1. Determine Rg/Rh for the chain; Rg is computed over alpha-carbon atoms and Rh is the Kirkwood hydrodynamic estimate from the same atoms.
2. For the chain, what is the number of Lys pairs with C-alpha distance below 27 angstrom, counting only pairs 8 or more positions apart or on separate chains?
3. Indicate the helices, whole DSSP H runs only, in the chain that combine a mean Kyte-Doolittle hydropathy of -1.0 or more with a Cα extent along their long axis of 15 angstrom or more.
4. Assign one of three labels to region 67-118, namely rounded, prolate or oblate, based on the Cα gyration tensor with a ≥ b ≥ c the square roots of its eigenvalues; rounded applies when a/c is under 1.5, prolate when it is not and a/b is larger than b/c, and oblate otherwise.
5. Under 5 Å between amide H atoms, partner at least 5 residues away or on a different chain: which partners does GLY89 have, H built in plane at 1.01 Å?
6. Taking only DSSP H segments of four or more residues, each worth -39500 (n - 2.57), what value at 222 nm results for the chain once the sum is divided by all its residues, to the nearest 500 deg cm²/dmol?
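Only the coordinates and a few stated rules stand behind these numbers; no lab work does. The structure presented is a predicted model; accordingly, all values stated were derived computationally and were not measured.
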Amino acid sequence: MNMGGPRTLDDVGPFLQNIFLDRDIIKLPAQRLLGQFIAKRRVNKVKDQYRQIGGGSPIEKWTRIQGEGMVDILRHTKPEAGVYSYYVGFRYTEPSISTALESMVEDGIDHVIAFTQYQQYSSSTTGSNFNELY
C-alpha cells in the first residue's frame, strides 16, 4: 500500500482532491469545501510537474516490480508456505485499497499480510492507509 499517483494528467485533479479530503493528511474546517478548493488551485501546477516526468506517476510500475520481487524472494526462501501473490492498493488512486481487497476475495485469498511502502510510520501516510484498510 502507498499513496499511489495519477496515471495520466487527467487523473491529477481527482488524485489531489482525494488527498485534500483525507482528514488523516490535513484537518480543515469545512473539509469538503476547502479540500476541493485547494485541489483545484493546485491542479495546473501539479499537472505541469507530472508532464515533465512523462505525463503520469511511475509509482504503480515500481510498486508492481517490488511486489514481483517480494514474491520471488518468498518463493525461494519459503516455498513450503504456499502460493504467494501480491496486490497493489493505493490510498488516493486506482487500484485502490478497496479494489485490492475485492480482488483478494474474488481470488479466494484467506491469509493476508498488509504492509505499506512508506519508509517510516506517520499517521498521515501509514496511518491513513491502515485506516482505509480497516
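1. Details: Rg = 16.6 Å, Rh = 16.2 Å.
Radius of gyration relative to Kirkwood radius: 1.02.
2. Details: LYS27/LYS40; LYS27/LYS45; LYS27/LYS47; LYS40/LYS61; LYS45/LYS61; LYS47/LYS61; LYS61/LYS78.
Count of close lysine pairs: 7.
3. Numbers: long enough: 31-52 (30 Å, -1.24); 59-77 (27 Å, -0.52).
Span-like helices here: 59-77.
4. Numbers: a/c = 2.71, a/b = 1.53, b/c = 1.77.
Since a/c reaches 1.5 but b/c is at least a/b, the shape of region 67-118 is classed as oblate.
5. Long-range HN contacts for GLY89: ASN2.
6. On the way: 5 runs with 68 residues, N = 134.
Helices in the chain give a 222 nm mean residue ellipticity of -16500 deg cm²/dmol.
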